[in-house]
Amino acid sequence: MDLKKSNKDKDLVLVRRAKRGDYKAFDLLVLKYQSRIAGLALTFVKDRHLAEDIAQESFIKAFKSLESFREESAFYTWLYRIAANTSKNYLTSKKRKKEYSESEILSSEEASVDIFDIPGGDSPEEILAANNLREMIFESLSNLPEDIRTAISLREFEGLSYEEISEVLDCPIGTVRSRIFRGREIIQEKISPLLDNNVMLIRQSKRI
């Protein structure tokens, strides 16, 4: 049985129970996705506690709007779309788009997932080079336009498919592919010098 389909079906059973007034069923959905929704919110705001508040608000909105969920898509893609919109609305209402720094988020321990596979090594030089490369990736990501940054975050951090991201962002798959391709291209251009240096260090260490 397809694992993703099975997961979607299990969520659907809980959703239908929740629609009939089974609060515990919705609690199970909250427990299942709360960390991932908070992680998504963290890509928009710089504070972990604030991200958790936004996640909680997203679940409240989802519960109140549960009857509008048509069950045609996976529950979590519908939920992600709500969370993304809630995060954006927060930034807009508080006029904080220019006040928060994604670089602070992406360089923190809570956002330690790598976008690219970074060649590593054991020597101090190799470790330092890998850390510098990682910081450059996060800095480059934080400077991307919001639509591109969100698409890449959903793909690289959350592991969503292009189809799922299309549902979350409510845009064509072709647009999703274009945004992700463009974002990776920009980041790759920024990190190429460091990446080449990192690979060279590892090759040199293997010769010793």
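Under the simplified labelling scheme, the SER192-LYS8 pair shows an inter-label distance of 3.9 nm, with each label point 7 Å from Cα along Cα→Cβ.
Here the Karplus relation 6.51 cos²θ - 1.76 cosθ + 1.60, evaluated at θ = phi - 60°, turns the backbone of segment 147-160 into coupling constants of 5, 6, 4, 5, 4, 5, 4, 5, 6, 7, 8, 9, x, 6 Hz, with x for every Gly and Pro. All alpha carbon pair distances within segment 1-99 were sorted into 10 Å bins beginning at 0; the resulting P(r) in whole percents reads 16, 46, 28, 9, 1. How many angstrom lie between the Cα centre of segment 1-73 and the Cα centre of segment 158-175? Rounded to whole Å, the Cα centres lie 17 Å apart.
Here, each number is a calculation from the coordinates, and none is a lab measurement. Note that the structure is predicted; figures quoted are calculated from it, not measured. So basically every Cβ, Gly included, is an ideal-geometry build from the backbone, and we count neighbours across all protein chains shown.
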